[in-house]
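Novice: Please find one structure pasted underneath; my questions will follow.
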Amino acid sequence: MTAIESFTGDANPYGGGDPYADYRTAAFPFTQYTNLADRQLGAGVIAANDEFFAQRENLLLPGPAEFDPEHFGHKGKIMDGWETRRRRGASADHPWPTAEDHDWALVRLGAPGVIHGIVVDTAHFRGNYPQAVSVEGTSVPGCPSPAQLLGDDVKWTTLVPRTPVGGHAANGFAVSVEQCFTHLRVNQHPDGGIARLRAYGEVVPDPKWLEVLGTFDVVALENGGRAEDASNLFYSPASNTIQPGRSRKMDDGWETRRRRDQGNDWIRYRLVARSQIRALEIDTAYLKGNSAGWASVSVRDGEEGEWTQILPRTRLQPDTNHRFVLTAPAVGTHARVDIYPDGGISRLRLFGSLTEEGTTTLTARLQRPTARLGCGSATEYGRRRWRPAGSC
């Protein structure tokens, strides 16, 4: 793993031109995982103690933060992020905030999972970013309200300890807590603004829920599937193909550059667990002059298993959802879609159910006490009680 570069201190005042010209960032190895704080998965910022200058919901907006130097409102500069007012001390003799003063926001993850890395992005917050940030996680079943999450009976685990950050920078933090979380608490010390929050990790679904569903999409992001590798990511990420819902525009799918050889492009996926696949869909929505010409699908059972084709090379139509019923269930832990010769698809759906072995593996993953704990588990592992700012 590459060491994560750390940024601290102010950025220079905006001098005109490209606002990202002096933006500080680094290659974070954990961004290969799913962003569990993605609105498309169902994530949301459900509460914040203050959002005077800029609303908390901006934290999870897709894409980079935008900056308009001329955009002001009646409260001041309009920023694309979450920004709180300046904190003050208790009196004229002590006008400064205390070391414990901080602002916070509660984030419901789009899917429960194990977090491998967090990015706290302060893009365009050059002199008004927090001095430091910290992030905590908890696992609470169901749909708890903000008041319930702030209750004394909820335990929070430190994922990112209080750490200095830099302005106008992507501040990345590797997380090594092997535990499943449903909610995050983002703290900025003592106040300021954060443009974007990303929480990268692996979805860990509840096998009891999947069993009740019966047949479900065993490769979908929200169910624990993952795009592991792809031949080409020139125009868009391979993970788009297993996002929830249908594609809404061309760049909401996967599209490769034009090939000038006799090869073909492909994506390899890891399924939620060992599964039986009975039907599949390949959708080329919004890909009209650039959809794949043909596609085939294969599965592999185990890391070292052989690839078995379950859908032979089949002609695809542009902007069309193609459905295929298999003559016999296909069992596997991985899947691969090959497109010929290039182009793109918007979605891949593999409908089936967990095998008995797959259910056992997923259940064990949730219940392992010293590794990946179950979402909503009462087990305490490196946890600490959260207390509101200013409490003893």
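Novice: Go over the candidates GLY117, GLY113 one by one and state the one that is open to solvent by less than 10 Å² (accessible area, probe 1.4 Å), in contact with a Pro (Cβ under 8 Å, 6 or more places away or on another chain) and small (Gly, Ala, Ser).
Specialist: It is GLY117.
Novice: Separate question: Looking at the stretch 34-144, what strands (runs of 3 or more DSSP E) fall wholly within it and have at least 2 residues that are touching a residue at least 24 places away in the same chain (Cβ under 8 Å), under 30 Å from ARG246 (Cβ atoms) and aliphatic (A, V, I, L, M)?
Specialist: 44-48, 103-121
Novice: Out of all the residues in the stretch 286-325, which are hydrophobic (A, V, I, L, M, F, W, C) and part of a loop (DSSP other than H, G, I, E, B)?
Specialist: Listed by number, the residues that qualify are LEU287, ALA292, TRP307, LEU316.
Novice: Okay, moving on. Enumerate the pairs (first residue in the stretch 353-377 and open to solvent by less than 50 Å² (accessible area, probe 1.4 Å); second residue anywhere and in a strand (DSSP E or B) and modelled with pLDDT under 75) with beta-carbon separation below 9 Å, excluding pairs fewer than 6 apart on the same chain, so at least 6 apart or on different chains.
Specialist: From the stretch 353-377, the pairs are LEU366/LEU373.
Novice: What about GLU281, is it of a type outside the set (Gly, Ala, Ser), under 28 Å from LEU41 (Cβ atoms) and not in a strand (DSSP E or B)?
Specialist: So GLU281 does not fit the description; no.
Novice: While we're here: Within the stretch 148-190, how many residues turn out to be under 19 Å from SER6 (Cα atoms) and without any contact (Cβ under 8 Å) to a residue 12 or more places away in the chain?
Specialist: 1
Novice: Within the set of pairs 6 or more residues apart or between chains, which connect a residue that is buried (at least 22 other Cβ atoms within 10 Å of the Cβ) inside the stretch 326-346 to a residue that is β-branched (Val, Ile, Thr) and in a strand (DSSP E or B) with Cβ atoms less than 6 Å apart?
Specialist: The qualifying pairs are ALA330/ILE277; ALA330/VAL299; ALA330/ILE310; GLY332/VAL299; ALA335/VAL299; VAL337/ILE267; VAL337/VAL297; ILE345/ILE282.
Novice: When you scan the stretch 271-279, do you find a residue that is open to solvent by 30 Å² or more (accessible area, probe 1.4 Å), within 24 Å of TYR33 (Cβ to Cβ) and at pLDDT below 95, even just one?
Specialist: Checking the stretch 271-279: not a single residue is open to solvent by 30 Å² or more (accessible area, probe 1.4 Å), within 24 Å of TYR33 (Cβ to Cβ) and at pLDDT below 95.
Novice: Filter the stretch 191-234 down to residues that are out of contact with any Asp or Glu (no Cβ under 9 Å at 6 or more places or on another chain), free of Cβ contacts under 8 Å to residues at least 60 places away in the same chain and buried (at least 19 other Cβ atoms within 10 Å of the Cβ), then give me how many there are.
Specialist: Qualifying residue count, the stretch 191-234: 1.
Novice: Sort out for me the strands (runs of 3 or more DSSP E) sitting completely within the stretch 155-248 that have 2 or more residues that are within 19 Å of ALA273 (Cα to Cα).
Specialist: Passing ranges, in order: 196-203, 226-230.
Novice: Now for a separate question. Would the stretch 37-50 turn up any residue that is within 20 Å of PRO190 (Cα to Cα), open to solvent by 30 Å² or more (accessible area, probe 1.4 Å) and at pLDDT 95 or above?
Specialist: yes
Novice: Right, here's the next one. Identify all residues within the stretch 285-299 that are surrounded by 17 or more Cβ atoms within 10 Å (Cβ to Cβ) and within 14 Å of ASP338 (Cα to Cα); write none if there are none.
Specialist: Correct list: SER291, ALA292, ALA295, SER296, VAL297, SER298, VAL299.
Novice: With respect to THR138, is the statement that it is buried (at least 22 other Cβ atoms within 10 Å of the Cβ) and under 27 Å from ALA174 (Cβ atoms) true?
Specialist: The answer is no for THR138.
Novice: Something else about it: Output the residues belonging to the stretch 244-265 that are more than 15 Å from THR284 (Cβ to Cβ) and either loosely packed, with under 13 Cβ neighbours inside 10 Å or among the polar types (S, T, N, Q) (or both).
Specialist: Residues satisfying the conditions are GLY245, ARG257, ARG258, ARG260, ASP261, GLN262, GLY263, ASN264.
The values are calculated or read from the model by the stated rules, or taken from the named source; none is laboratory data. Just so it is clear, the model here is predicted, and its values are computed rather than measured. FYI the Cβ positions are ideal-geometry reconstructions off the backbone, even for glycines, and counts take in every protein chain you see. For accessibility, only protein heavy atoms count, side chains too; no ligands or nucleic acids. Shrake-Rupley method; radii C 1.70, N 1.55, O 1.52, S 1.80 Å.
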